[in-house]
1. How big is the Rg/Rh ratio for the stretch 24-179, C-alpha atoms only, Rh by Kirkwood, two decimals?
2. With each label point set 7 Å from Cα along the Cα-Cβ vector, what nm distance links Leu122 and Ala139?
3. From the residues Leu109, Thr94, Phe150, which one has its Cα farthest along the dipole of the stretch 68-154 in the positive direction, the dipole being from +1 and -1 charges on Cβ of Lys/Arg and Asp/Glu about the Cα centre?
4. Once R0 is set to 35 Å, what does the formula 1/(1 + (r/R0)^6) return for the Cβ-Cβ distance between Phe131 and Leu174, expressed as a FRET efficiency to the nearest 0.05?
5. How many angstrom lie between the C-alpha centres of the stretch 137-157 and the stretch 73-118?
6. Multiply the residue separation of Ala27 and Leu97 by 0.36 nm, subtract the distance between their alpha-carbon atoms, and state the gained length in nm to one decimal.
7. With +1 assigned to the C-beta of every Lys and Arg and -1 to the C-beta of every Asp and Glu, and no other charges, what is the dipole magnitude of the stretch 31-130 about the Cα centre in debye, to the nearest 20?
Amino acid sequence: MPPKGGGSYPGVPMGPQESQGDDDPRADLRRAAVITVVLTVAGVALGVLWLWLAPRVPLISDNQAVFLKDSEGEEAIGADGTFVLLALAFGAVTAALVFWIHRRGGIALVAGLALGGLLGSLVAWGVGVWFGPERDVVAHAREVGKGVVFDAPLELHAKGALLAWSVAAMVVHLALTAVFGPRDPEPEWGVWPGASGAPEAPGAAPGSPPQP
């Protein structure tokens, strides 16, 4: 009969083995903090690329008012679209780099990617607006003179574009974790001594019946 105090024999596992080496949560928080800081700094690169690639909105003045040179132009929408496409690319690349470096998933890493992507997008927005064309349209129109075309300030009209980096980073990282992430070992189920394929009990003669 089984020994008292348990339902299995010594040395014979009766259920799936559980990992005893859980990671330190503080280490995960440190990784997430580093990811957040790095992505926030990377927002400067996104802002520079947005400033460089975004189409300009041409304006013109008649000394009385400022008008769009092309009232049917889509440059303003193009600026938002350029930001979204760049942010999606940054999200995919940063998520792939984080997975390649850490080779693991986890809520902390995903949270770091999401927060870092949002902060990086805010930094990129600020860089593009700050270093872009003059924001005081009236003063700029007076400076260039009547009938001279000049660029409107770089703006982000669709504020939802600020979430593109975070969303792309989370989706790509979760997908990579699901496809290439570490797998839990298959559970090993124990068997009763004496059953077919079971190991012999210590000290028992080969072929002897199991001891009660």
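What follows is calculated from the coordinates using simple rules that are stated; it is not laboratory data. All figures in this text were calculated on a predicted structure; none of them were measured in a lab. FYI the Cβ positions are ideal-geometry reconstructions off the backbone, even for glycines, and counts take in every protein chain you see.
1. In the stretch 24-179, Rg relative to Rh is 1.14.
2. Spacing of the two 7 Å Cα→Cβ label points: 2.6 nm.
3. Working it through, the farthest residue towards the positive pole turns out to be Leu109.
4. Efficiency, rounded to the nearest 0.05: 0.55.
5. That distance is 32 Å.
6. Contour length minus the Cα-Cα distance gives 23.4 nm.
7. It comes to approximately 760 debye.
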